[in-house]
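The values are calculated or read from the model by the stated rules, or taken from the named source; none is laboratory data. Remember, it's a predicted structure, so these values are computed and weren't measured experimentally. Every residue, glycine among them, receives a Cβ derived from its backbone with ideal geometry; neighbour counts consider all protein chains shown. For the accessible areas, the whole protein counts, side chains as well, though only heavy atoms, and no ligand, DNA or RNA atoms are used. Shrake-Rupley method; radii C 1.70, N 1.55, O 1.52, S 1.80 Å.
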Amino acid sequence: MAKRTGLGLSIVATLVLVVGAVVASAAGRFTDDDGNTHEGNIEAIAAVGITKGCNPPVNTLYCPGDNVSRGAMAAFLGRALNLTDDDGRDWFIDDNGHLFENDINRLAAAGITRGCNPPANDKYCPDGSVTRGAMAAFLVRAFGYSDGAGADLFDDDDGSTFENDIDRLGTAGVTKGCNPPTNTKYCPGEDVKRDQMATFLARALGLKPITPSTTTTTSTTTTSTTTTSTTTTTTKPNCDPAYPDFCIPPPPPDLNCSDIPQKNFTVLPPDPHGFDGDKNGFGCET
């Protein structure tokens, strides 16, 4: 006999998602400077055309962590100062055909660069990195800072070729140092990064940082619960209800006590196999 038993197995699957998730994204000029300490100044120099980006032609990146090359420095300063005159000269022998050749010639004509191989100075080294010390010299010449020489504002530039320029730059407020909050050092030998360059130029030009607007998107999701009920079917052998202690099939065939191993078990009427001969409610008594 087959018997269906509802075991009531419930499988509850609950999917819980964040409700009201807020996603904030900056809407600045470049996609790779979000959250950068210098982002406001990067935006400021981009707004006035001093930088165009670092991945032409799309220019969606600024590459804030890259070193500033001497060629790029010429372009930065040429745009910042609106330099247009190269005196009709090809000033250096190592920048022919270079991306920044025109900017380099204009920078030389303005007296902002003298070259990179004194005393001949017939080379500019356009792909060389600009150190913080050299940058001080570039900016002092470019913006005409004269005050502060000998002020000895920092304790790590003593004896540096660029010490006076560094002191002038610090006196002008263009640099604050490299080890905040004490700022007792200038780190003259370290390479200038593009993000740092943006801040130096913004301070020199008196540009206010531009904080990119932030777009906030709120998304609402739901919590979903699915309940699945499962009924399990258990099939038992064909058992006669007259023998509840064990599963003994009904006749035919007719069984005797010698045909089964069970002894002294409960027998209910009508006892089709006749196991309870004395009618006392127990079968195959020993």
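Taken over region 68-86, residues that are among the polar types (S, T, N, Q) and either on the phi > 0 side of the Ramachandran plot or not in a loop (DSSP other than H, G, I, E, B) (or both) amount to 2. Against the list (1) farther than 25 Å from Glu43 by Cβ; (2) small (Gly, Ala, Ser); (3) assigned to a loop (DSSP other than H, G, I, E, B), the condition Gly65 fails is (1).
Looking at the structure I just gave you, is Phe92 open to solvent by 30 Å² or more (accessible area, probe 1.4 Å), farther than 15 Å from Arg194 by Cα, in contact (Cβ under 8 Å) with a residue 12 or more places away in the chain and out of contact with any His (no Cβ under 8 Å at 6 or more places or on another chain)? Considered against the rule, which asks whether it is open to solvent by 30 Å² or more (accessible area, probe 1.4 Å), farther than 15 Å from Arg194 by Cα, in contact (Cβ under 8 Å) with a residue 12 or more places away in the chain and out of contact with any His (no Cβ under 8 Å at 6 or more places or on another chain), Phe92 comes out as no.
In region 154-164, what residues are in a loop (DSSP other than H, G, I, E, B), open to solvent by 40 Å² or more (accessible area, probe 1.4 Å) and farther than 15 Å from Phe200 by Cβ? Before the answer, list the steps.
Initial filter on region 154-164 (in a loop (DSSP other than H, G, I, E, B)): 154-162.
Of the ones still in play, those that are also open to solvent by 40 Å² or more (accessible area, probe 1.4 Å) are 155-156, 158-159, 161-162.
Asp155, Asp156, Asp158, Gly159, Thr161 - these are the residues of region 154-164 that are in a loop (DSSP other than H, G, I, E, B), open to solvent by 40 Å² or more (accessible area, probe 1.4 Å) and farther than 15 Å from Phe200 by Cβ.
Given the conditions (1) farther than 29 Å from Asp87 by Cβ; (2) in contact (Cβ under 8 Å) with a residue 24 or more places away in the chain; (3) open to solvent by 20 Å² or more (accessible area, probe 1.4 Å); (4) not aliphatic (A, V, I, L, M), report the number of the one that Thr182 does not fulfil. Every listed condition holds for Thr182 apart from (2). Of Ala137, Ala151, Ala110, all but one fail to be of a type in the set (A, V, I, L, M, F, W, C) and either open to solvent by less than 20 Å² (accessible area, probe 1.4 Å) or farther than 29 Å from Pro209 by Cβ (or both); the exception is Ala137.
Got a number for residues in region 100-139 being touching a residue at least 40 places away in the same chain (Cβ under 8 Å) and of a type in the set (D, E, K, R)? Residues in region 100-139 being touching a residue at least 40 places away in the same chain (Cβ under 8 Å) and of a type in the set (D, E, K, R): 2 in total. In region 42-55, of all residues being closer than 15 Å to Thr31 by Cβ and of a type outside the set (A, V, I, L, M, F, W, C), the one that is surrounded by the most Cβ atoms within 10 Å (Cβ to Cβ) corresponds to Thr51. The requirement of being open to solvent by less than 60 Å² (accessible area, probe 1.4 Å), part of a loop (DSSP other than H, G, I, E, B), acidic (Asp, Glu) and more than 22 Å from Thr51 (Cα to Cα) is not satisfied by Asp167.
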